[in-house]
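The values are calculated or read from the model by the stated rules, or taken from the named source; none is laboratory data. Computed from a prediction, not measured in an experiment: that's the story for all the values here. Note that each Cβ is placed from the backbone with ideal geometry, even for glycine, and that neighbours are counted across all protein chains shown. For accessibility, only protein heavy atoms count, side chains too; no ligands or nucleic acids. Shrake-Rupley method; radii C 1.70, N 1.55, O 1.52, S 1.80 Å.
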There are 2 protein chains.
Amino acid sequence: MPKAVRAPNPLVVNVSARHCHLSPAAVETLFGKGYKLRPMKWLYQNGQYAAQESVTLIGPRSRVISNLRILGPCRDFNQIELAYTDAISLGFDIPVALSGNIKGSPGCMLMGPAGFLELPEGVIRAAPHVHMHPDDAQFYGVKNGDFMKLRIGGPCSMTFEKVLVRISPDFKLEVHIDTDEGNACGLGPDTPCELIV
Amino acid sequence: MPKAVRAPNPLVVNVSARHCHLSPAAVETLFGKGYKLRPMKWLYQNGQYAAQESVTLIGPRSRVISNLRILGPCRDFNQIELAYTDAISLGFDIPVALSGNIKGSPGCMLMGPAGFLELPEGVIRAAPHVHMHPDDAQFYGVKNGDFMKLRIGGPCSMTFEKVLVRISPDFKLEVHIDTDEGNACGLGPDTPCELIV
């Protein structure tokens, strides 16, 4: 049985609801020339925010998701992150992928107040991952790209066996799982969580 | 590390989509005096079926689920089994419970072609469970009410730590998980599954 360790920083596990990341060019296409995203709510990772702006996603069966939140700041690629429950209801067959690995994923149509944007690819389910500072990585004895386990306690106790490690001096220790995963394990504010090497 | 064992019967893991079980009286209230459910599709467990009939569930925010499938045959109580994703979208705060343990769970309104039925309780999220024959139980060395672990392989590998054992001579070896759990682990026809004592 792998030995459980305690992190020097408190472990935070957060559920990422469906959202998208957009390039500055995509924001201009959807919201108008020169448009900049406006932060609505700051997220746990420094500098990351949920924007006031959202878009409408149009899927292959012409079903839509309204109010798909944009996370800022802008990136240099466009990516939509859905849970499988979302994807199935929309008619998408999406891969589980690490953020940025969108090659081969399906595309979609986005609609904003100033126009449409057709994406040839970019709709994925994000694999569970943990952001951590190099100090956390040293504590756990892991390196960027490793996998760890996340054990969730409580009445719906389960262990996620493949949690990707992402390390940066800008990161705070935080696991991201999606809504299917969060609902499956019944994650709440008092649910015991433990990262296992 | 617990020892993994192989069952004498092939292990089947199936996802239960949201559904309800109704009493004969409830069926008559919703569909008319003397009405009997008609099997549409036989399920893996002997004698169990998805009925041709479905109902509309009306939740606390007046949001509805149309075409909530009824599973037959009738039982002596009324129970609605939802995933957390369903419950959240409807505005329900539902407990994780073993089938039949509906005390304290929220109620709801059901609508059928012949009338409404207000249930004072009965909306739950069913805990993951495994149906098994006494021979399977002997093989695994478990008894009714025990918990086992279910390990799911593949790209979204995870282990469900609390799978309730239900034993009956009428049962075939089959694990039931809900749609959140099935989507979280990306369960497909070729996904490796293993019951662990």
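Taking the protein heavy atoms of the protein assembly as shown in the context of the full set of protein chains, the accessible area attributed to carbon and sulfur is 53 percent at 1.4 Å. Packing, as the average of other Cβ atoms within 10 Å across residues, places the peptides B:181-188, A:162-169, A:21-28 in the order B:181-188, A:21-28, A:162-169, highest first. For region A:67-76, the Karplus equation 6.51 cos²θ - 1.76 cosθ + 1.60, evaluated at θ = phi - 60°, returns couplings of 6, 6, 5, 9, 9, x, x, 4, 10, 9 Hz by residue, with Gly and Pro reported as x.
Going from the isolated chain to the complete set of protein chains, region B:111-150 loses at least 20 Å² of heavy-atom accessible area (1.4 Å probe) at B:R125. Look at the stretch A:161-167: the mean tally of other chain Cβ atoms within 10 Å of its residues' Cβ atoms is 2. For chain B, the alpha-carbon coordinates run over 53, 33, 30 Å along the three principal axes, in decreasing order.
Estimated from helical segments only, the mean residue ellipticity of chain B at 222 nm is -3500 deg cm²/dmol, where each DSSP H run of four or more residues counts as -39500 (n - 2.57). With label points set 7 Å from Cα along Cα→Cβ, the inter-copy distances at A:N144 are 5.7 nm, sorted shortest first.
Peptide A:76-86 has a mean of 2 when you count, residue by residue, the C-beta atoms of other protein chains within 10 Å of its C-beta. Rounded to the nearest whole Hz, the Karplus-based 3J(HN,Hα) values (6.51 cos²θ - 1.76 cosθ + 1.60, θ = phi - 60°) of region A:110-125 follow the sequence 10, 10, x, x, 10, x, 9, 9, 8, 9, x, 7, x, 9, 9, 9, with x at glycine and proline. Relative contact order of region B:1-128, taken over Cα pairs closer than 8 Å and 6 or more residues apart, is 27 percent.
Across the identical copies, the label point of B:G34 (7 Å from Cα in the Cβ direction) is separated from its matches by 7.7 nm, in order from shortest. Looking at region A:17-126, the accessible area is 49 square angstrom per residue; that uses a 1.4 Å probe and ignores ligands, DNA and RNA. Checked against a 21 Å cut-off, the cross-linked pairs A:K33/A:K103; A:K149/B:K162; A:K41/A:K172; A:K162/B:K143; A:K36/A:K172 give Cα-Cα distances beyond that limit for A:K33/A:K103; A:K162/B:K143; A:K36/A:K172. The amide H of A:M40, built 1.01 Å from its N in the peptide plane, has A:A50, A:A51, A:Q52 as neighbours under 5 Å, considering only residues 5 or more places off or on other chains.
Sequentially through region B:77-82, phi angles give Karplus couplings (6.51, -1.76, 1.60; θ = phi - 60°) of 8, 9, 8, 10, 10, 10 Hz, Gly and Pro residues having no value and appearing as x. Of the three principal axes defined by the Cα atoms of region A:124-197, the extents in descending order read 33, 28, 20 Å.
Note on B:R38 and A:N144: the model spin-label points, each 7 Å out from Cα along the C-beta direction, lie 6.3 nm apart. Scanning residues 5 or more positions from B:H19 or on other chains, those with amide H under 5 Å from its amide H are B:E81, with H placed 1.01 Å from N in the peptide plane. Dipole magnitude for the protein assembly as shown: computed about the Cα centre from +1 point charges on Lys and Arg Cβ and -1 point charges on Asp and Glu Cβ, it is near 140 debye. A label point on B:T191, set 7 Å along the Cα-to-Cβ line, lies at 1.6 nm from each of its counterparts in the other copies, closest listed first.
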